[in-house]
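K.L.:
Take this structure, written in structure tokens, and hold onto it; I'll ask about it next.
What follows draws every value from the coordinates through simple rules; no lab data is involved. What you are looking at is a predicted structure, and each value in this text was computed from that prediction instead of being measured. Glycine also receives a Cβ, built like all others from the backbone with ideal geometry; neighbour counts cover every protein chain displayed.
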Amino acid sequence: MFAPSDCGSQDFCYPPLVHPHDTGGTGDAVLLEALRAGEADAYAALVERYGGRMRCTALRLLGSEDQADDAVQEAFLSAFRSLATFAGESSLGTWLHRIVINAALMKRRSESRRSARKVDVDDLLPRFTSMGAFTQAQVPWSEPADEPAIQRETRERVTQCIARLPDAYRLPLVLRDLEGLSNRELADQLEVTVNAAKVRVHRARQALRQLLEPTFGATP
Amino acid sequence: MDCAQFKDELHEHYMDRLPEGRLPALEAHAGTCPECKELMGMAAELPCREFVEFVSDYLEDELQPDRRAIFDRHLEICPDCTAYLGSYRKTKEEAAAALSTGPYVPRGLPPELIRAILEAREG
């Protein structure tokens, strides 16, 4: 029998995912065997081992803890239903990572448009002269201060700026730069060409860069 | 004109800000200095607009070596693109840092959520 509570603390029993694209390992193999044997404890172990990181992914994509929790629940239920067809070509962590991304994006698509004011990305792209030079001089950015309080404030501001991007740009940015999807994986997820996916991420970064300019680009 | 002044004035030329009548002096220096002549060619070959369009490929090392060399030379003469590159890189870093701290640090799921997931499976 698979016994998730044998070690006393789940933190010690079930090491967290190191990276969404980790390779699993023997822990996964034992867990998978127990899951396929239908052991109830194995399901609990799966949720405890991978749920935290899946929730972070959902939270980054959805921005709301309640919605992230819903997406994680839907993702696990979907995973439980698909366990029989899981071929083991990727690690359990990678497989669950993809499933929670799908669950979060489906949730996002099914929602009515949010009322929060979003920026127009086109307004945030750099402008150039007829010769192709910048119309405005670019200012080197300063390094943020080391003090924890200022760092917290800065990160809060960055998070708010990311939230101001329209979903069509924010989601590709998060999937590529935070969730580690390759350009090909991102293109598959967005159902666009690889080049279109790259352009979407690039424009998102450019727009975010412009939104952050007052924070980092101000001359001291 | 020395090479440093050439670089400064080349940048002004590129920005459409070179005073009238200075271009012949630039061209004259380029005629005597192969390195500056190459820079002048590079500046014409790669406008900032194009640098910015492919800055992501540059950062992610996806450019062919000869193309990358053109980007590197452009950076030598263009403080705007140098600043833009730095701020673009910083944007990626700060976004990653912001969404990897605080509520985005993986923790165990709340017990009630674990319970809800397992009950939904059984139900």
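K.L.:
Quick one: count up the residues across segment A:33-92 that are over 29 Å from A:Leu165 (Cα atoms) and assigned to a loop (DSSP other than H, G, I, E, B). Please lay out each step first, then the result.
P.N.:
Keep residues of segment A:33-92 that are over 29 Å from A:Leu165 (Cα atoms), which gives A:33-49, A:77-92.
Cutting the leftovers down to assigned to a loop (DSSP other than H, G, I, E, B) gives us A:37-39, A:86-91.
The number of residues fulfilling the criteria is 9.
K.L.:
Is it the case that B:Glu76 is more than 9 Å from every other protein chain (Cβ to nearest Cβ) and touching a residue at least 40 places away in the same chain (Cβ under 8 Å)?
P.N.:
Values: more than 9 Å from every other protein chain (Cβ to nearest Cβ): yes; touching a residue at least 40 places away in the same chain (Cβ under 8 Å): yes.
Spelling it out, B:Glu76 is indeed more than 9 Å from every other protein chain (Cβ to nearest Cβ) and touching a residue at least 40 places away in the same chain (Cβ under 8 Å).
Condition check ((1) β-branched (Val, Ile, Thr); (2) more than 16 Å from B:Ser87 (Cα to Cα); (3) touching a residue at least 24 places away in the same chain (Cβ under 8 Å)) across all residues:
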site	(1), (2), (3)
A:Thr135	yes, yes, no
A:Trp141	no, no, yes
A:Thr154	yes, no, yes
A:Ala163	no, yes, yes
A:Val174	yes, yes, yes
A:Glu179	no, yes, yes
A:Leu186	no, yes, no
A:Asn195	no, yes, no
A:Gln210	no, no, yes
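K.L.:
Is it true that B:Glu94 is of a type in the set (Asp, Glu), in contact with a His (Cβ under 9 Å, 6 or more places away or on another chain) and either surrounded by 14 or more Cβ atoms within 10 Å (Cβ to Cβ) or at the interface with chain A (Cβ under 9 Å from one of its Cβ atoms) (or both)?
P.N.:
On the way: of a type in the set (Asp, Glu): yes; in contact with a His (Cβ under 9 Å, 6 or more places away or on another chain): no; either surrounded by 14 or more Cβ atoms within 10 Å (Cβ to Cβ) or at the interface with chain A (Cβ under 9 Å from one of its Cβ atoms) (or both): yes.
So B:Glu94 fails the test.
K.L.:
Scan segment A:153-181 for residues that are within 11 Å of chain B (Cβ to nearest Cβ), under 13 Å from the mean Cα position of the chain (by Cα) and not in a helix (DSSP H, G or I) and jot them down.
P.N.:
A:Glu179, A:Gly180
K.L.:
Only one of these conditions is not met by A:Asn102: (1) buried (at least 16 other Cβ atoms within 10 Å of the Cβ); (2) under 13 Å from the mean Cα position of the chain (by Cα). Which number is it?
P.N.:
(1)
K.L.:
Mind checking whether some residue in segment A:199-211 is within 8 Å of chain B (Cβ to nearest Cβ) and not in a helix (DSSP H, G or I)? Quick ask: steps written out before the conclusion?
P.N.:
Of all residues in segment A:199-211, those within 8 Å of chain B (Cβ to nearest Cβ) come to A:201-202, A:205-206, A:208-209.
The next check asks that each one be not in a helix (DSSP H, G or I); those that pass are none.
Within segment A:199-211, not a single residue is within 8 Å of chain B (Cβ to nearest Cβ) and not in a helix (DSSP H, G or I).
K.L.:
Next question. Whether any residue in segment A:117-128 is β-branched (Val, Ile, Thr), within 30 Å of B:Arg17 (Cα to Cα), part of a helix (DSSP H, G or I) and touching a residue at least 60 places away in the same chain (Cβ under 8 Å) is what I want to check. First the steps, then the outcome.
P.N.:
Within segment A:117-128, the first condition is being β-branched (Val, Ile, Thr), and the residues that meet it are A:119, A:121.
Cutting the leftovers down to within 30 Å of B:Arg17 (Cα to Cα) gives us A:121.
After this cut, where a residue has to be part of a helix (DSSP H, G or I) as well, the list is A:121.
If we keep only those that are touching a residue at least 60 places away in the same chain (Cβ under 8 Å) as well, we get A:121.
Among the residues of segment A:117-128, at least one is β-branched (Val, Ile, Thr), within 30 Å of B:Arg17 (Cα to Cα), part of a helix (DSSP H, G or I) and touching a residue at least 60 places away in the same chain (Cβ under 8 Å), which makes the answer yes.
K.L.:
Within segment B:97-110, track down each residue that is over 20 Å from A:Ala149 (Cβ atoms) and facing chain A (nearest Cβ under 7 Å).
P.N.:
Taking segment B:97-110 first, the residues over 20 Å from A:Ala149 (Cβ atoms) are B:106-110.
Listed by number, the residues that qualify are B:Pro106, B:Arg107, B:Gly108, B:Leu109.
K.L.:
In addition: Got a sec? Which of B:Leu10, B:Leu26, B:Leu59 is hydrophobic (A, V, I, L, M, F, W, C), buried (at least 16 other Cβ atoms within 10 Å of the Cβ), in contact with a helix residue (DSSP H, G or I) (Cβ under 7 Å, 6 or more places away or on another chain) and within 14 Å of another protein chain (Cβ to nearest Cβ)? Quick ask: steps written out before the conclusion?
P.N.:
Numbers: B:Leu26 fails: within 14 Å of another protein chain (Cβ to nearest Cβ); B:Leu59 fails: buried (at least 16 other Cβ atoms within 10 Å of the Cβ).
Step by step, each of B:Leu10, B:Leu26, B:Leu59 is checked, and only B:Leu10 is hydrophobic (A, V, I, L, M, F, W, C), buried (at least 16 other Cβ atoms within 10 Å of the Cβ), in contact with a helix residue (DSSP H, G or I) (Cβ under 7 Å, 6 or more places away or on another chain) and within 14 Å of another protein chain (Cβ to nearest Cβ).
K.L.:
Select, from B:Leu109, B:Leu75, the only residue that is aliphatic (A, V, I, L, M) and not in a helix (DSSP H, G or I).
P.N.:
On the way: B:Leu75 fails: not in a helix (DSSP H, G or I).
Testing whether each residue is aliphatic (A, V, I, L, M) and not in a helix (DSSP H, G or I) leaves just B:Leu109.
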